[in-house]
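Chemist: There's a structure below that I have some questions on.
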Amino acid sequence: MNYVKTPGEAHKTLTERMHYLASGTKYDSCNQSAVCHAFAPDGRCIQLYKTLLTNYCSGECTYCPNRCARDTPRVSLSPDEIVKIVWSFYRRNAVEGLFLSSGVIGDAENTSEKQLEVARKLRAQGFQGYIHMRLMPGTPKYLLEEIADVANKFGVNAETINSIDYSEVCPNFDYNKDVLQRLKWTKELIIEKRKEAGYGGHVIGSNDTQFIVGAIVEPDRDIIQTVGKFMDKYDLRRPYFMSFDPVPETPLEHNDPSPQWREVRLYQISYLLKDYGLKAKDLDEIYTDTGFLKDQDPKVLLAQCNPEMFPIDINNASLQELLLVPGIGPVSASRIIQARPFNCEQDLARMGVSITRARPYIKIKGRYQTNLSVFMEVCS
Amino acid sequence: MFLIIGFRTNVEGVLLACLKLRQLPDAHLVYAKDLEELRRKIDFAGVKRDLEHVGFEPVAIAHLAEKAFGKHWYHHVNHSCRKEPDLIHYIDLVLRHAKCEPSELVRNLSSSESVTSLYSGKTQLQRKCYRYMREVRLSYHRLCMFARPSFVRGILTAEIKPEHRVEDMFCRWLAKKNPDLPVAVVHGDKAWIGNGNFIGLDRFMVVTSSFLGDLTTVKKSDDVEDLWDVYYDSQMIDSRRNKKQAKKFQPWSASSASGMSMKDRYKVERGISPCKLGDFFEM
């Protein structure tokens, strides 16, 4: 089934349509830093052209600016037009890839076919850049397999943490069938494609998904537990968090926007799970009684909740112990282990450690910063 | 025996000098681009000592690296998610640094017992070389991110002013990214050509920049730039901007790589101007 063009659309120029569709993706820009970006295998940050194929949508997601019931200009870009824009940005080195999402045109199958057409056209023309496809809930398995041949990364948004919340936010789709099942298939396909590609083949990114934060009352503890579960079950590597921002003329238009710091704190915790070897249950102490995060660095909170573990002796601590110290990240922890022993803070600072943050939690050659409780003990 | 080790400033030369210095730790080090320069340097110094020159004949680099650091020399040192370059790339990157003193690099390599210690920064010299390697890599990465080539007489041309000697690296990267087009990277009076076979040249070569004609006459602004502005502006929600993060992604120091990236950085600093005709009517 093809979408039907509205009479107004015929009068919109390519630039105008491009503006509408790129704007349609701005609500899920992670961290609102620059344009959509990803990281290349060599560690470089790369910019992507992020667009919707169309903002026509048959879905009724309660938070979405493109929901079908909303009165908003509807436009589309044809696969050829998207291919043309991508090439022009790519040649000028403004982007190194495409992030393609879409409204649901009739059903998931039809939409994914159109997305696949864009990727296929680009690859057929020799495009070697990065392609990330955000697929529709319910995309059939055969299409996922075909998409895996041309895209570097692809996935379905989970949006919420369980099926009850999901049916409230996205009433047209089924959480277990349309989302979780697809996450499972994506994981299997990634494993399969990585084996096929081996070294020198096109890079296959890991499983990813996105959560909306603050659209409904979901405690941060539950979100993090779900992320942890997805990491174990679906090899999720990097979750994305989208702060809820009320969109006019949607059922949630009168809800409060989610504060930006919440999204940032959730990202910080996701890095603790991804790169620091922590599990969701290790973080139980840092939430408020109602299960929400405070606007403080979660690693500092974790250290404050476990004072008996500190100060850690820099010259003897294991990698896992070093990773618990605020101000020491995975890179500096591994450099510390290679360069030990240390005699002073200056040497440690040269390893990339943030000394101001780490000082209360470390011990170098028996010397450490005192604190009020130690002082009181000595006085008594 | 009191000896001078004369070595060529390339990866082979550095590795051979490192091996020689391990045998003769008291030897003096002199480096040069070629034998001619080496002879000039020695004559100028007027020293009468035994000179052993290394690196001026082609040798297998992998074999040298194995001899210097054992058979696991190529194992990448990974600091968590950050993949460090292997030994050969490490040497290559350090040599490209504007302030690199090749003799220091040789001393660093000869005093390092294992490959991993090169990345640990245990001694001052190791830290210095590691920092040089990171700075060169960053400079290259930033060029890949912020340089915006445009078509000049059918050649995808980028004018750059890198801090370190990374022009050829960037040219090779650009050529790999656009395998169906001839590309050129211009810095000062030199131009590096990639995929030159499309214009009847060698696949990769260095020419004078005048070969590409007068670049100043080329129109800098074009439709793609305007389209990019439309896209860039469409991505911002002012109330949700993370300015700190945005500045990190578009650092001031790298924004001069091109007019387009300078404009993007300006928007990070000052926001997007709402002074358009449409906004005037909407207000």
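Chemist: Would chain A count as rounded, prolate or oblate if I go by the C-alpha gyration tensor, calling it rounded below 1.5 in a/c and otherwise prolate when a/b exceeds b/c, oblate otherwise? Write out the running numbers ahead of the final one.
Modeler: On the way: a/c = 2.33, a/b = 1.77, b/c = 1.31.
Because a/c hits 1.5 or more and a/b exceeds b/c, chain A counts as prolate.
Chemist: So what's the gap between the Cα centers of the stretch B:227-275 and the stretch A:319-347, to the nearest angstrom?
Modeler: 35 Å
Chemist: To the nearest µm²/s, what D does Stokes-Einstein give for the protein assembly as shown at 10 °C and 1.306 mPa s, using the Kirkwood radius over alpha carbon pairs as Rh? Don't jump to the answer; show the numbers that get you there.
Modeler: Working: Rh = 28.0 Å.
D, rounded to a whole number, is 57 µm²/s.
Chemist: Between B:Asp222 and B:Glu36, what length comes free when the chain is fully extended (0.36 nm per residue of separation minus the Cα-Cα distance, one decimal in nm)?
Modeler: Using 0.36 nm per residue and subtracting the Cα-Cα distance, I get 62.2 nm.
Chemist: Follow-up question, since we're still on this one. Set the Förster radius R0 to 22 Å, insert the Cβ-Cβ distance between A:Met376 and A:Cys305 as r into 1/(1 + (r/R0)^6), and round the FRET efficiency to 0.05. Write down the numbers at each step before the final one.
Modeler: On the way: r = 20 Å, r/R0 = 0.91.
So, using R0 = 22 Å, E works out to roughly 0.65.
Chemist: List the residues whose amide H sits under 5 Å from the amide H of B:Thr157, counting only those 5 or more places along or on another chain, with H placed 1.01 Å from N in the peptide plane.
Modeler: Sorted by chain and number, the residues that satisfy this are B:Ser150, B:Phe151, B:Val152, B:Ala184.
Chemist: What are the semi-axes of the equivalent ellipsoid for the stretch B:147-215, taken as the square roots of 5 times the Cα gyration tensor eigenvalues, largest first, in whole Å?
Modeler: Numbers: eigenvalues 50, 35, 26 Å².
Semi-axes (√(5λ), whole Å): 16, 13, 11.
Chemist: Please compute the Kirkwood hydrodynamic radius of the stretch A:226-292 from all pairs of different C-alpha atoms, in Å with one decimal. Write down the numbers at each step before the final one.
Modeler: Details: mean 1/r = 0.0733 Å⁻¹.
Here the Kirkwood hydrodynamic radius works out to 13.6 Å.
Chemist: Quote the FRET efficiency, to the nearest 0.05, computed for B:Lys244 versus A:Phe39 with a Förster distance R0 of 22 Å and r equal to the Cβ-Cβ distance.
Modeler: My answer for the efficiency is 0.70.
Chemist: For chain B, what is the calculated [θ] at 222 nm in deg cm²/dmol (nearest 500), taking -39500 (n - 2.57) for each run of four or more DSSP H residues and dividing by its residue count?
Modeler: Details: 13 runs with 133 residues, N = 283.
The per-residue figure over chain B is -14000 deg cm²/dmol.
Chemist: Something else: Can you pull the one-decimal nm distance between simple spin-label points at A:Asn110 and A:Gln125, each 7 Å off the Cα toward Cβ?
Modeler: Roughly 2.6 nm, to one decimal.
Chemist: Related question: Per residue of B:112-121, how many C-beta atoms from partner chains lie within 10 Å of its own C-beta, taken as a mean? Walk me through the numbers on the way to the answer.
Modeler: Working: counts 0, 0, 1, 0, 5, 2, 1, 4, 8, 7.
Per residue, the number of nearby Cβ atoms from other chains is 3 on average.
Chemist: Now a separate question. If the reach is capped at under 23 angstrom between alpha carbons, list the lysines near A:Lys365, excluding any in the same chain fewer than eight residues apart.
Modeler: Leaving aside lysines fewer than 8 places away in the same chain, those within reach of A:Lys365 are B:Lys122.
Chemist: With springs only between Cα atoms under 10 Å, which of B:Arg137, B:Arg241, B:Arg107 fluctuates most in a Gaussian network model of chain B?
Modeler: Most flexible of the set in this elastic network: B:Arg241.
Chemist: Also, I was wondering about something else. Let me have the relative contact order for chain A, percent, based on Cα pairs under 8 Å that are six or more residues apart. Show your work: numbers first, answer last.
Modeler: On the way: 614 pairs, mean separation 42.7, N = 380.
About 11 percent, as a whole number.
Chemist: Another one. Taking the inverse of the average 1/r across all pairs of different Cα atoms in the stretch B:3-140, what Kirkwood radius in Å do you get?
Modeler: Values: mean 1/r = 0.0653 Å⁻¹.
Computed over the stretch B:3-140, the radius equals 15.3 Å.
Chemist: With a point put 7 Å past each Cα toward its Cβ, work out how far A:Glu117 is from B:Phe151 in nm, to one decimal.
Modeler: 2.6 nm
Chemist: Write down the Kirkwood hydrodynamic radius of the stretch B:226-280, to one decimal in angstroms, obtained as one divided by the mean of 1/r over all alpha carbon pairs. Intermediate results must be reported in sequence, preceding the final value.
Modeler: Numbers: mean 1/r = 0.0834 Å⁻¹.
Computed over the stretch B:226-280, the radius equals 12.0 Å.
Chemist: Which of B:Gln124, B:Gln250, B:Gln235 moves the most in a Gaussian network model of chain B with Cα springs under 10 Å?
Modeler: Greatest mean-square fluctuation among the candidates belongs to B:Gln235.
Chemist: On to the next question. Using C-alpha positions alone, give me the convex hull volume of chain B per residue in cubic angstrom. Walk me through the numbers on the way to the answer.
Modeler: Values: hull volume 50.8 nm³, N = 283.
Once divided by residue count, the hull of chain B is 179 Å³.
Chemist: When we measure straight from the Cα of A:Lys229, which lysines land under 16 angstrom away, once same-chain ones fewer than 8 places off are left out?
Modeler: A:Lys184, A:Lys187, A:Lys274, A:Lys279, A:Lys281
Each value in this text was obtained by applying a stated rule to the coordinates, not by laboratory testing. These figures come from a predicted structure and were not determined experimentally. Every residue, glycine as well, gets a Cβ built from its backbone with ideal geometry; the counts of neighbours run over all protein chains shown.
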